[in-house]
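The numbers here are math on the coordinates, done by the rules we state, and not lab data. Fair warning: this is a prediction, and the values are worked out from it, not measured in the lab. Note: ideal-geometry Cβ built from the backbone for every residue, glycine included; neighbour counts use all protein chains shown.
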Amino acid sequence: MNNAPGFWIMTNENFVIFDSSFPDDTVWNGDGNPETPGGRAICDFMKVELSENGWTCSETKPYCFYGWSFDVSSASGGTMVLLQYPGPWLLIVTRHPSLWKRLRGIPDDRVESRLLECVHQLLAKDSRISVVKRLSRADYFRAKT
């Protein structure tokens, strides 16, 4: 693993909030509750764009009942891209934590800087994405309180 300067961003801005004009692809049941979360088209867009930029991505899959995710292989290990809509959209890029961190409930935000920069550039260049704000995990949760 490369620990050269610039390889990791220690204060990652791996949380991105944004607005989107992608069509709403939420599937609603007869009671007006979401059956399938919205955002699949946005998540698929990110996966395709990252793949076209040289990243190896898994298939898009539902994440629990509230979002969509896919995995990205990188030199720093397995990374997950998670999209959810708490209003506005929230995109989180985080490493799959080690067993020890999972047992302790500690996320691993040490994401390869090249991957984060690619994500930020892809969001910035698409006209369907607006009001993009990059935050660290701490800044995101500080802003929510």
Notebook entry, point to check: Taking the Cβ of Val27 as the center, what net charge do the other residues with Cβ under 12 Å away carry, scoring Lys and Arg +1 and Asp and Glu -1?
Noted result: -2
Checklist line | Ordering of 84-96, 107-119 by burial proxy (mean other Cβ atoms within 10 Å per residue, highest first) | finding: 107-119, 84-96
Next item on the list: Would you mind computing, in nm to one decimal, how far apart the modelled labels at Ala75 and Lys101 are, each placed 7 Å from Cα along Cα→Cβ?
Entry: 1.8 nm
Note to self: Run the reach check for Lys125 against aspartates and glutamates, Cα to Cα strictly under 17 Å, same-chain hits fewer than 8 apart removed. What comes back?
What the structure shows: Asp19, Asp44, Glu49, Glu52, Glu117
